[in-house]
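The block underneath contains the structure these notes are about, expressed in structure tokens.
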Ligand code: SDX
């Protein structure tokens, strides 16, 4: 559907008809609006892209006001209830849920790419004993690009699929190795007869290479649901990084390292670690009014609250609250949940939050579950990165194959010194 926008430039009195398509105008159509012949033409100024679509996408749909999230048209609630993470990863990447045979091939391909080159262990061993596991993950993802030079064949579909298997299969291995390194424990190899989430728990928590360890089924299932909820989220900060790096035709391992670096930030995937720090600091329900006052005075953010797109309850947070109860049946209740629930109740009835449409986001409750599952808080952003790898790769591939895309290179408004001489 195309309509038009008629704009009048009061500097010249000239009028312009701009095409409206899919609810947007093309920024390049504004360049014809000039104050004089020498004028470069009108640009849009949009720091942090608050009102700029950088791409056309068919992967994830979010209606922030209604609190709706769909992967390839399927509501997140249905996928979380009826599918497993690898089925959802396939959907996000290929656009359709896999048939039985497609699923079997997919699981086989991922299962048989979980091992990493032995030299990756030497690279991992080089980190300091107290290195943050997310920093180790960013480093090792980048390092993997040196093990797979064929990943540079980005326009060969077969090569792209091979790198996609490798990255989805190996990120749990790298994540678990980072944890084991930080604990001075021997690395546990992936096991081919465990599901995706269970295999990760096994590589994390098997006491030693000499002991058998059966991951708890309820916890593995809960983790698998959490992986589904984190698989993709349209043009978030790390997906934008993935697309931008991919637009220079860098290999997907290097692009994924950049995306993981973006996710590491406390305003993005690092928020779940900050939420636990905040809830622990609050310590008791009695201290909540003091914290709310600090937030309203602009002295701090309420971590795990607010979202660029959701101006309603993050549907993922709603599902995570349900998963928490299942996990606590096994692990025992995490008392931080009581503080979180009380904090949410107070915040959602306070005008400061209501006016700004600040609701709990995916990070507000996920850390409470991870802590109950005995993950250290510095592993929380790593737990976000594992499933988001499928979303990053889907966004990367869609951008690479989009004929309207080219290398990402924004303009600027130059307000610096005019020419001057020494
Ligand atoms: C994720 O993009 C994605 O989809 C990300 C993600 C994904 O799946 O990839 O959903 C995952 O990153 C979730 C967000 C996790 N981050 C946090 O929980 C950190 C705390 N949240 C804030 O930093 C903030 O809400 C952001 C970064 C999430 C969104 O910031 P915006 O869209 O830039 O909003 P803003 O900073 O312009 O805030 C608008 C107003 C401001 O107040 P005023 O200046 O208008 O008075 O709301 C206030 C902000 O100060 N505000 C908050 C707040 N978040 C916004 N005030 C207190 N606590 C907060 N958390």
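The values are calculated or read from the model by the stated rules, or taken from the named source; none is laboratory data. All values reported here derive from a predicted model rather than from experimental measurement. Please note: Cβ atoms are built from the backbone with ideal geometry, for glycine as well, and neighbour counts cover all protein chains shown.
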The conditions are (1) touching a residue at least 60 places away in the same chain (Cβ under 8 Å); (2) closer than 20 Å to residue 380 by Cα; (3) surrounded by fewer than 19 Cβ atoms within 10 Å (Cβ to Cβ), and residue 237 fails exactly one of them. Which is it?
(1)
If I filter the stretch 320-328 for residues that are near the ligand (Cβ under 10 Å from one of its atoms) and either outside any helix (DSSP H, G or I) or under 16 Å from residue 367 (Cα atoms) (or both), do I get at least one hit?
no
Just one of 396, 392 is within 30 Å of residue 250 (Cα to Cα) and within 11 Å of the ligand (Cβ to nearest atom); which is it?
392
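Quick check on my filter: what residues within the stretch 299-324 are in contact with a strand residue (DSSP E or B) (Cβ under 8 Å, 6 or more places away or on another chain) and surrounded by fewer than 23 Cβ atoms within 10 Å (Cβ to Cβ)?
Keep residues of the stretch 299-324 that are in contact with a strand residue (DSSP E or B) (Cβ under 8 Å, 6 or more places away or on another chain), which gives 304-305, 309-310, 313-317.
If the condition is that a residue be in contact with a strand residue (DSSP E or B) (Cβ under 8 Å, 6 or more places away or on another chain) and surrounded by fewer than 23 Cβ atoms within 10 Å (Cβ to Cβ), then 309, 313, 315 are the ones that fit.
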Check on residue 117, surrounded by 12 or more Cβ atoms within 10 Å (Cβ to Cβ), within 27 Å of residue 201 (Cα to Cα), assigned by TED's automatic domain parsing to the domain that holds residue 149 and in contact with a helix residue (DSSP H, G or I) (Cβ under 9 Å, 6 or more places away or on another chain)
yes
Residues being out of contact with any strand residue (DSSP E or B) (no Cβ under 9 Å at 6 or more places or on another chain), part of a loop (DSSP other than H, G, I, E, B) and crowded, with 16+ Cβ neighbours inside 10 Å - total across the stretch 48-85:
5
The one condition residue 246 fails out of (1) within 14 Å of the ligand (Cβ to nearest atom); (2) under 25 Å from residue 69 (Cβ atoms) is (1)
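Restricting to the stretch 8-29, count the residues that are in contact with a helix residue (DSSP H, G or I) (Cβ under 9 Å, 6 or more places away or on another chain) and either in contact (Cβ under 8 Å) with a residue 40 or more places away in the chain or closer than 23 Å to residue 54 by Cα (or both).
Final tally of qualifying residues: 2.
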Which members of the stretch 381-420 meet the condition of being surrounded by 10 or more Cβ atoms within 10 Å (Cβ to Cβ), in contact (Cβ under 8 Å) with a residue 24 or more places away in the chain and over 26 Å from residue 165 (Cβ atoms)?
408, 411
Of the numbered conditions (1) within 29 Å of residue 111 (Cα to Cα); (2) assigned to a helix (DSSP H, G or I); (3) more than 16 Å from the ligand (Cβ to nearest atom), residue 239 satisfies every one except a single condition; which is it?
(3)
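Within the stretch 294-319, track down each residue that is assigned to a helix (DSSP H, G or I) and more than 12 Å from the ligand (Cβ to nearest atom).
Restricting attention to the stretch 294-319, the residues satisfying the condition of being assigned to a helix (DSSP H, G or I) are 294-296, 315-319.
Residues satisfying the conditions are 318, 319.
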Yes or no: the stretch 261-274 includes at least one residue that is in the same structural domain as residue 388 (by TED's automatic domain parsing), more than 12 Å from the ligand (Cβ to nearest atom) and modelled with pLDDT of 95 or more.
yes
Residues that are surrounded by 19 or more Cβ atoms within 10 Å (Cβ to Cβ) and farther than 15 Å from residue 367 by Cβ, drawn from the stretch 265-291
291
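Do the conditions hold for residue 146, that is, is it over 23 Å from residue 92 (Cα atoms), surrounded by 20 or more Cβ atoms within 10 Å (Cβ to Cβ) and in the same structural domain as residue 381 (by TED's automatic domain parsing)?
Working: over 23 Å from residue 92 (Cα atoms): yes; surrounded by 20 or more Cβ atoms within 10 Å (Cβ to Cβ): no; in the same structural domain as residue 381 (by TED's automatic domain parsing): yes.
Considered against the rule, which asks whether it is over 23 Å from residue 92 (Cα atoms), surrounded by 20 or more Cβ atoms within 10 Å (Cβ to Cβ) and in the same structural domain as residue 381 (by TED's automatic domain parsing), residue 146 comes out as no.
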Selection count, the stretch 337-358, where residues are in contact (Cβ under 8 Å) with a residue 40 or more places away in the chain and out of contact with any helix residue (DSSP H, G or I) (no Cβ under 9 Å at 6 or more places or on another chain):
2
Give the residues of the stretch 361-383 that are within 14 Å of the ligand (Cβ to nearest atom) and closer than 12 Å to residue 134 by Cβ, sorted by residue number.
380, 381, 383
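Hey, can you tell me all the residues within the stretch 128-148 that are without any contact (Cβ under 8 Å) to a residue 60 or more places away in the chain and either closer than 19 Å to residue 254 by Cα or assigned to a helix (DSSP H, G or I) (or both)?
Residues of the stretch 128-148 that are without any contact (Cβ under 8 Å) to a residue 60 or more places away in the chain, as a first pass: 128-131, 136, 140, 143, 146-147.
Within the stretch 128-148, 136, 140, 143, 146, 147 qualify.
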